[in-house]
Amino acid sequence: METRSARVARRAGAVLSVLAAVSLVGCGGGQDEADRSDSPGSGKAKSSPAPATSSPPAEPSPSVTAADGDDLAACKDGNCEVTVADPAEIRFDGPDGQATLSVTKVERNRVEYRIKSGNGKASGGAGGPGQGCITALRATGSGTTCGPTATDAPSAQPKAVVIQMTTGPTGTALLHLVSD
């Protein structure tokens, strides 16, 4: 006669067998017989649909558009909105005479510049998407702030030229010059 512990062991074994079978069926992931014959090691490769054809990617558009395009000469009077893609020198009317903005670096999400006006100097540089610098240039001095910037023109300030340079994702920066 079967002992109680033998019966418990036999039932436990039967329960484990049922659970193992259920687990194997549950792990099938919904494959039918045709799919199983294409599984790794079956010697058959599963065919995949042909890739969709598409037209070649379009040329990247400029990262920014500006009212004056890329015409740096538009900045001569101290008011412009231009794109800058390469290092450049831009001469403009400053608060105390001729000023020069030297754009020294324009890269993807990076811009650096220097300004010389009279006896004063200023500089700015920013890196990262949507970053930039704003310099307020006055006859009595200047101040630069860098960080997140808008692509809208900065506000004019009395007796000042405000310079804003904003980085662009494709190596084109946006420059605003605003005079009172």
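The values are calculated or read from the model by the stated rules, or taken from the named source; none is laboratory data. Just so we're clear, the structure is a prediction, and the values are computed from it rather than from any experiment. We place every Cβ from the backbone using ideal geometry, glycine too, and count neighbours over all the protein chains shown. Protein only, heavy atoms only, side chains kept; ligands, DNA and RNA dropped before computing areas. Shrake-Rupley method; radii C 1.70, N 1.55, O 1.52, S 1.80 Å.
Annotations
- Sorted largest first, extent of segment 85-177 alpha carbons per principal axis (Å): 35, 23, 15
- Sites THR104 and ALA153, calculated FRET efficiency, Cβ-Cβ separation with R0 22 Å, nearest 0.05: 0.45
- ARG114 - accessible surface, heavy atoms, 1.4 Å probe, Å² rounded to 10: 140
- Surface composition of segment 79-180: carbon plus sulfur atoms contribute 46% of the solvent-accessible area (1.4 Å probe, protein chains only, all chains present).
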